[in-house]
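These notes are about the structure you will find just below.
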Amino acid sequence: MTTRCGAAPIEKEEQLLKSRVRKNLAIGLVITVVITALSVVIADDGSKAEEFRKSLIVGLLVTGTVTGGTWLLQRRRPAP
């Protein structure tokens, strides 16, 4: 069975899953870069490298958690 666009339903679901995960990953990385840049600019006590490292670690952990959680939830959800 194929859909109107020519892809099998399972393939279409996998493409949708990949696009959601990629979208969350891209948004998370952009937010991480912005927050990291802002925290480095705002750091006024000479600890710019430390602020950069901490912000980058926290941002990447949050991005990975959200992206991985989305991936797991979408994989476990039954197909309609």
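Every read-out reported here was derived from the displayed coordinates using simple, explicitly stated rules and does not represent laboratory data. All values reported here derive from a predicted model rather than from experimental measurement. FYI the Cβ positions are ideal-geometry reconstructions off the backbone, even for glycines, and counts take in every protein chain you see.
Here are the numbers for the structure shown:
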quantity: Sequence-separation-based contact order of the range 20-80, relative, with Cα cut under 8 Å and 6+ spacing, percent; calculated: 45 percent
quantity: Net dipole in debye of the range 22-76 [+1 Lys, Arg Cβ; -1 Asp, Glu Cβ; about Cα centre; nearest 20]; calculated: 540 debye
